[in-house]
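Some notes on the structure that comes next.
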Amino acid sequence: MDLDPHQIVLKPLTTEKVFTQMEEENTLAFIVSPKANKSQIKWAIEKLFEVKVEKVRTLITTKNEKKAYVKLAEGYLASDLATDLGLF
């Protein structure tokens, strides 16, 4: 699959659970393309936001959307990225 990063990462999620994870686990959540795998999601996040990703976890929601929880590497703060994305 040859995708542009904007085709992989569709939108950030802004739920209370995500904000708690951002503070406690340095993790953000995104709705991503259902065709994207974890390594493609990691590549897209690193390319779009100029951060390093430590770990990606994915799941399919009941709405048939693919959700990715992205843990940022040490030295990068999820709260800073959330501010840049306008989530605060």
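Summed over the residues of the chain and divided among them, the accessible surface reaches 63 Å² per residue at a probe radius of 1.4 Å.
Counting only protein heavy atoms and a probe of 1.4 Å, the accessible surface of the chain is 47% carbon and sulfur. Taking 0.36 nm per residue of separation and subtracting the current Cα-Cα distance, fully stretching the chain between residue 54 and residue 67 would add 3.0 nm. Once all protein chains are placed together, residue 55 keeps about 110 Å² accessible to a 1.4 angstrom probe.
Surface calculation, 1.4 Å probe, protein heavy atoms: residue 80 sits at approximately 90 Å² accessible.
Excluding residue 85 itself, what net charge comes from residues whose Cβ is under 14 Å from its Cβ, given Lys and Arg +1 and Asp and Glu -1? Combined, the nearby Lys, Arg, Asp and Glu give -2.
DSSP beta bridges fully contained in the chain are about 100 percent antiparallel.
Rg and Dmax of the chain, based on Cα coordinates, read 11.9, 34 Å.
Within the full protein context, the accessible area of residue 79 is estimated at about 50 Å² for a probe radius of 1.4 Å.
The values are calculated or read from the model by the stated rules, or taken from the named source; none is laboratory data. Model, not experiment: these values are computed from the prediction. Methodologically, a virtual Cβ is constructed for each residue, glycine included, from the backbone with ideal geometry; neighbour enumeration extends over all protein chains shown. Accessible surface is based on the protein model in full, side chains and every heavy atom, while ligands, DNA and RNA are left aside. Shrake-Rupley method; radii C 1.70, N 1.55, O 1.52, S 1.80 Å.
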